[in-house]
Amino acid sequence: MDAHYDPREVRVTKNKEDLGLHKDSQKAAARVGLTSDEIIINGGRPLNGRIEVRGAKNLATKAMVASLLGHTPSTLRNVPNISDVRVVAGLLALHGVLITRGAEEGEWRLDPSNVETAHKADIDAHAGSSRIPILFCGPLLHRLGEAFIPDLGGCRIGDRPIDFHLDALRNFGAVIEKLPSGISLTAPNGLKGANIELPYPSVGATEQVLLTAVLAEGQTELRNAAIEPEIVDLICILQKMGAIISMEPNRVIFIEGVKELRGYDHAAIFDRNEAASWAAAALATKGDIFVGGVEQEEMMTFLNVFRKVGGDFDVRPDGIRFWHPGGMLKPVTIETDVHPGFMTDWQQPLVVALTQADGVSTIHETVYENRFGFTDALNKMGADIKVYKDGLHDDTRRVMRREFEQAAVITGPTDLSGADVEVPDLRGGFSHLIAALTAEGQSKVTNIGIISRGYENFIEKLRLLGADFIYEG
Ligand code: EPU
């Protein structure tokens, strides 16, 4: 099969008043072919079986943007069928990138030979769909000398400002105009290498610098950079394209600008967040799940916590088996952190398992200011979770306090019982699914389109794992 990618497939009709949660969720669901936005789950039975995870949402989407930098086509493998990928594909197609599917499942060919300026109204139709469009700035400035970026979307887990991105771009010489509908950028004197120190090792801002510096004139030194495995994978892609990038000690990345880049051929790194989510589902439901495609090295921090909580795992060449070995789970204290710390995206699914642990667990969220909204639904199901808006004072903490951090205190074990819950955001939404699968009785989970932003074929995977549910889609 070599079907052309049709941008109309992902075009959404913009209507600001309509950007409520349900509409966002329905649009996300439609992008991956889900026709219903709710699922009825009969919980209380373990999830058992094997599923596969594919390429990481947080790499594949960035790799697709990187294709804009090449003068020859790129091939990206292991691309997951999730709605965030569809949003980025739609934006690339609007800019003239020809996207075709390869013979392999998840193989995409991206041809940027005819990159062109897209109509603002068309770009604007993607407003509120994702946060990835901010990463189009550098590549579009290099290719076209101008860029228009619509209002960003993504999960509502805090303010999620883009000041680090804009400051970095200004350092490279970009001129930025903020418009009511988005931001417009030009680079009248071209983009030049810069010395940049991020106030916080932001994943997105590090990617912004990488995608801009590779073709900027001269050298760029980035300090306090993010070093997540997805960043390293993006650097590998850029190196394949002809970039010169070195990762130095202490979060320093050094980039020597080159004049031209070519396309790449790359298989995306597996999705660590999806892997951790299914592992947590095995623990919470007292199940046994083999997650294919997962590798140990990128999961080490999670695996340590999984073991401390009382879960067991077996690392094999083709994936990792996660299971609940029986007995009571144990409480833990965790701080979310940048890599190599415990990822903020891992805490929501794990919290469900912690409601079944014998004692008091504490999670300090240090990355986002508003990432415990999902706990309301868990409490409705019978959990005992208290959220402390300003975080707990705790001198033993390793991570410096950020002004917006919070803490959740989970007292277990608590019996969960089915309830009607509405998915608030991507990771929180998956935790609602796990809670419904763990709870005795029936739950109705609505707004599940949001989950399709980052979890490929999750309905099918639930079926493979023996979940008891009704999905009329
Ligand atoms: N921040 C700023 N200013 C900026 C950029 C970031 O203050 O200009 C703050 C953010 O508000 C946040 C912190 O810095 O408090 C970290 O944000 P970061 O930039 O690292 O996050 P991101 O790039 O927006 C990516 C993932 C997130 C993941 C984080 C942390 C993508 C598309 N998103 O977000 O994934 O949680 O890194 O690892 O790559 C998810 O997959 O559900 C998700 C939210």
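Read-outs throughout are calculated quantities, based only on the coordinates presented, and are distinct from any laboratory measurement. Everything numeric here is computed off the predicted structure, so don't read it as measured data. Note that we place each Cβ from the backbone using ideal geometry, even for glycine, and neighbour counts take in every protein chain shown.
Quick look at the values:
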| quantity | calculated |
| --- | --- |
| Efficiency of FRET between Glu116 and Leu464 - r from beta-carbon atoms, R0 51 angstrom, step 0.05 | 0.75 |
| Least to most buried among Arg321, Arg463 (fewest other Cβ within 10 Å first) | Arg463, Arg321 |
| DSSP-defined antiparallel bridges as percent of all bridges, the chain, nearest 5 | 75 percent |
| Dipole magnitude of the chain, debye to nearest 20 (Cβ charges: Lys/Arg +1, Asp/Glu -1, about Cα centre) | 140 debye |
| Amide hydrogen neighbours beyond the local backbone of Ala194, cut-off 5 Å, H modeled | Thr220, Glu221 |
| Most positive-pole-ward Cα, Thr301, Leu191, Ile227, against dipole of the chain from beta carbon charges | Leu191 |
| Only Lys, Arg (+1) and Asp, Glu (-1) charged, at Cβ; region 57-267 dipole about Cα centre in debye | 100 debye |
| Cut-off 17 Å (backbone N to label point 7 Å along Cα→Cβ of Arg262), residues of region 70-84 | 70-76 |
| Paramagnetic reach from Ser36 (point 7 Å along Cα→Cβ, amide N under 11 Å) across region 432-446 | 445 |
| Sum of side-chain charges, Arg223 neighbourhood, beta-carbon under 10 Å (Lys, Arg +1; Asp, Glu -1) | -2 |
| Euclidean distance between Cα centres, region 330-377 to region 440-473, Å | 22 Å |
| Among 232-243, 171-182, 200-211, the order from most to least packed when residues are scored by Cβ within 10 Å on average | 200-211, 232-243, 171-182 |
| Stokes-Einstein translational diffusion, the chain - Kirkwood Rh over all Cα pairs, 0.890 mPa s, 25 °C, in µm²/s | 108 µm²/s |
| Proximal aspartates and glutamates relative to Lys259, as straight alpha-carbon distance under 15 Å, when same-chain residues fewer than 8 apart are discounted | Glu217 |
| Summed residue charge, Cβ within 13 Å of Ala174's Cβ, Lys/Arg positive, Asp/Glu negative | 0 |
| Length added when fully stretched, Glu177-Tyr200, from 0.36 nm per residue minus Cα-Cα | 5.9 nm |
| Helical mean residue ellipticity (222 nm; -39500 (n - 2.57) per DSSP H run of 4+; nearest 500) of the chain | -8500 deg cm²/dmol |
| Distance histogram in 5 Å bins (all Cα pairs of region 57-267, percent per bin) | 1, 8, 17, 21, 23, 17, 10, 3, 0 |
| In region 355-389, the trypsin sites (Lys or Arg not before Pro) that fall in loop regions by DSSP, at most 13 other Cβ within 10 Å | Lys389 |
| GluC sites (Glu not before Pro) restricted to DSSP loop in region 232-328 with at most 12 other C-beta within 10 Å | Glu260 |
